[in-house]
1. Among residues belonging to segment 26-43 that are buried (at least 16 other Cβ atoms within 10 Å of the Cβ) and part of a loop (DSSP other than H, G, I, E, B), point out the one that is farthest from the ligand (Cβ to nearest atom).
2. Kindly list, by first and then second residue, each pair from a residue in segment 46-65 that is more than 16 Å from the ligand (Cβ to nearest atom) to a residue that is among the polar types (S, T, N, Q) and not in a strand (DSSP E or B), limited to pairs with Cβ atoms under 7 Å and residues at least 6 apart or on different chains.
3. Given the residues V8, V18, V63, which is the only one that is modelled with pLDDT of 95 or more and not basic (K, R)?
Amino acid sequence: MRKNNIMVPTPNSNFLSVQCLKCGENTIIFTYTTMDIECKSCGELVAKKTGGKANVVGKVLSVLD
Ligand SMILES: [Zn+2]
């Protein structure tokens, strides 16, 4: 697991722990993303880019500061 060693100075930003609906793998995603995010295990989409806050497709397990 990655440690909190984030160098993105964005206010109101946080991370979400999202569970893949397909395989159950947990993926940590950035709340504001400019990319579609896929499950690292099976490749299923877990969050879509929207130009702002990510549109989470999977199940949000927790919000990480
Ligand atoms: Zn998956």
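The values are calculated or read from the model by the stated rules, or taken from the named source; none is laboratory data. Note that this is a predicted model, so its numbers are computed, not measured. Counting neighbours? That spans all protein chains shown, and the Cβs are built from the backbone with ideal geometry, glycine included.
1. Within segment 26-43, the match that is farthest from the ligand (Cβ to nearest atom) is T31.
2. As it stands, the answer is K49/T33; K49/T34; K53/T31; A54/T31; A54/T33; V63/N14; L64/N14; D65/N14, since those pairs meet every condition given.
3. Working: V8 fails: modelled with pLDDT of 95 or more; V63 fails: modelled with pLDDT of 95 or more.
Going through V8, V18, V63 in turn, the sole match is V18.
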